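Working notes, beginning with the structure itself.
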Amino acid sequence: MWWDERVSVRFRRNLQPTLTYWSVFFSFGLCIGFLGPTLLDLRCQTQSSLSQITWVFFSQQFCLLLGSCLGGVFKRTLAQSLFALFASSLAISLVFAIIPLCHNVVVLAVVMAVAGLAMGCIDTISNMQLVKIYQKDSAIFLQALHFFVGFGALLSPLIADPFLSDTNCILSNSTANASSNLPHIRKSLVPHHPGNLSHYDLPMKGMVVTRVSYAFWIMALINLPVPIAVFFLLYKERMVPCFNSSSHPLLPADELAMEARPVEKDDLSTAVQRPRAAGGHDDLFSCCQSKNFRGASYTYFAVHITGALVLFMTDGIVGEYSGFVYSYAVEEPLSVVHKVAGYLPSLFWGFITLGRLISIPVSYRVKPATMVFINVVGVLLTFLLLLIFSYSIVFLFVGTASLGLFLSSTFPSMLAYTEDILQYKGCATTVLVTGAGIGEMVLQLLVGSIIHDQGSYSFLVCGMIFGGLAFTFYAFLLFFHRMYPKPSSDLDAASPDKPAVVDDTGQYQR
């Protein structure tokens, strides 16, 4: 294997929980990718206007952010985390099954809000648990985790595509003009910015003819094994009340050998200190309590803030670029035909997924700090070249692929790097997940408003500015890393700056 034996043993020992967290993130990806392509058919199903249906986007994004903030509440014990993941993944399957029954846009928005809460919990808890299990070895497993969300986001549009309406799915006397422009309208829909689509006459009353329900039912069935996998992990850990027993499972051979090994002084000190290292990684509101600030240096807060700001910018770029690259391409000066421009968002997400796959082996050889540096510099240079060659359609496609590659591994690399700086004792996972979620929502709204007022060229200018800010914040993070106190045995155990003791055995701790 291309990694060393120590990491391989640790992975085998934690195989079931690791695969379970990866599968739950696949559910997260399924939910991310389906809404955009199916939104017009959902508009027909709810017989709503374009401006009304875009509120469904907002309800999902806002509640995803809220779920990310609250996800740490369920991290207090392993049982709470797994029950939250089971409820969240099951909720996503139920949401897929219920969406075809929602014939009112308000009801649909409420259902998507529930999906957003479940997605937010999945995002925070899965990242937290993988960091907790692998700690200094977590980078490679976080890269794999985020590959699965990209894979799910690619799969759901492919599932939905055969069931999308080729003509207007509300039959009336005024459907001819709108039907011929459906692909253009579908690609231009982003949260709260239907763009300049108001002149298209999409009927709101008439006979509804759509087959999109089948797509959602198929996705519900595909997602169903995920909560089952979480339930089996709960069962294995003796956390299902009706199946709980006092007997303990037999130890595997390698763990039995470790149990029989003589206890050395260092191991004894590690065992004594481990209960003290159980803190950290609370929800966002618990992180803000004054007791967590006691004895913390200013660099402790600076690392959290600068790390979150880097992801605020980079995840914001992902949201604004995927949302508006199509609209930018079809406008002057490029004036790409609608059908060709429609490949740009798919190309972008495809290379994000490819980049995450490539990053799995790369992250084992390259430090997270180096990977983040390569990512932010690559994003900045790509936007610079896109501005220079702004009249080149070919380079727009090349730049879109390049941007997807550079953005792909930024989040997991930044999470691994920041947690390592804080010795796994801060609130980095919760703060970073929340910062990324806010950036994706806020920057997409901001760029949409700027494009509406200033024209399509401002799309690349905004990306260049966000990339420059991401690089600047990362430079500040490097500076605060150098200033951050080094691990020391005489630090007070209650201090947030106290390093966590890494469990070298890789045991799956309750």
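The values are calculated or read from the model by the stated rules, or taken from the named source; none is laboratory data. The structure presented is a predicted model; accordingly, all values stated were derived computationally and were not measured. A quick note on method: Cβ atoms are made from the backbone with ideal geometry, for glycine too, and the neighbour counts reach across all protein chains shown. Please note that ligands, DNA and RNA were not included when accessible areas were found on the heavy atoms of the full protein model with its side chains. Shrake-Rupley method; radii C 1.70, N 1.55, O 1.52, S 1.80 Å.
Counting only protein chain heavy atoms and rolling a 1.4 Å probe, the accessible areas of His304, His481, His103 rank, largest first, as His103, His481, His304. Please express the Cα-Cα pair-distance distribution P(r) of segment 79-160 as a list of whole percents, one per 5 Å bin, running from 0 to the bin with the greatest distance. Going out from 0 Å in 5 Å bins, segment 79-160 shows 3, 13, 18, 21, 20, 12, 7, 4, 2, 0 percent. Once both labels are positioned 7 Å from their Cα atoms along Cα-to-Cβ, the gap between His452 and Glu5 label points is 6.3 nm.
With Cβ to Cβ distances under 12 Å as the rule, what net charge do the other residues near Ser413 carry (K, R +1; D, E -1)? With Lys, Arg at +1 and Asp, Glu at -1, the net is 0. Using the alpha-carbon positions of segment 390-460, Rg (one decimal) and Dmax (whole number) come out as 16.5, 49 Å.
Rolling a 1.4 Å probe over the heavy atoms of the protein chains gives segment 296-486 an accessible area of 38 Å² per residue. Max-minus-min Cα coordinates of segment 296-486 on each principal axis give 56, 37, 25 Å, with the largest extent listed first.
If R0 is 30 Å, the Cβ-Cβ spacing of Ser335 and Val377 corresponds to a FRET efficiency of close to 0.45. Every pair of different Cα atoms in segment 356-439 enters the Kirkwood calculation, which places the hydrodynamic radius at 14.1 Å.
For segment 296-486, give the percent of accessible area contributed by carbon and sulfur heavy atoms, probe 1.4 Å, rounded to a whole number.
Answer for segment 296-486: carbon and sulfur cover 73 percent of the accessible area.
Extending 7 Å from Cα along the Cβ direction at Leu478 and again at Val107 yields two label points whose distance is 5.5 nm.
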